[in-house]
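Visitor: Once you've had a glance at the structure underneath, I'll fire off some questions.
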Amino acid sequence: MRGNEIRSIIRNANGKSILWSTMFDVHLNSNSVTLSGKGFGHGVGLCQWGAISLSRKGWDYSEILDHYYPGISIETIYD
């Protein structure tokens, strides 16, 4: 199984996906398995819903990126 495929495979009894992100821990117990989720995105530290909220408050993309990734530098790359 690769990457994001696990999200479409692991579902609850009603067939609904239970993993919002691939960022989760697996805890094995004697007779059960517990998945503890840690995100709603792609596992890179940026909350999509939080970013949307900030944009609706007037933040531009550079302010949002700096909020989630302090100290970054946004530059144009020329090939």
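FYI, it's all coordinate maths here, none of it is from the lab. Values in this document were obtained by computation on a predicted structure and should not be read as measured data. Cβ atoms come from the backbone with ideal geometry, glycine included; neighbour counts cover every protein chain shown.
Visitor: How would TYR78, TYR68, TYR61 line up from fewest to most surrounding beta-carbon atoms within 10 angstrom?
Guide: Working: TYR78 4, TYR68 14, TYR61 11.
With the fewest neighbours first, TYR78, TYR68, TYR61 line up as TYR78, TYR61, TYR68.
Visitor: Right, another one. Fewest to most neighbouring Cβ within 10 Å: what's the order for THR34, THR76? Walk me through the numbers before you get to the answer.
Guide: Values: THR34 10, THR76 4.
Going from sparsest to densest Cβ surroundings: THR76, THR34.
Visitor: While we're on this one: Taking amide H positions as placed 1.01 Å from N in the peptide plane, with prolines and chain starts having none, which residues 5 or more places from TYR69, or on another chain, fall under 5 Å of its amide H?
Guide: none
Visitor: Stretch ARG11-GLN48 to full length: gain in nm at 0.36 nm per residue minus the Cα-Cα span?
Guide: On the way: separation 37, 0.36 × 37 = 13.32 nm, distance 2.24 nm.
Computed gain between ARG11 and GLN48 is 11.1 nm.
Visitor: Moving on. Relative to the compact-globule scaling 2.2 N^0.38 Å, provide the ratio for the alpha-carbon radius of gyration of the chain.
Guide: Rg over 2.2 N^0.38 Å, computed on Cα atoms: 1.49.
Visitor: Please rank ASP66, ASP79, fewest neighbouring Cβ atoms within 10 Å first, as an exposure proxy.
Guide: On the way: ASP66 15, ASP79 2.
Going from least to most buried by this count: ASP79, ASP66.
Visitor: Provide the FRET efficiency to the nearest 0.05 for the SER21-ILE77 pair, computing r from the beta carbons and using R0 = 25 Å. Each step should come with its number before you reach the end.
Guide: Details: r = 28 Å, r/R0 = 1.12.
According to the calculation, E is roughly 0.35.
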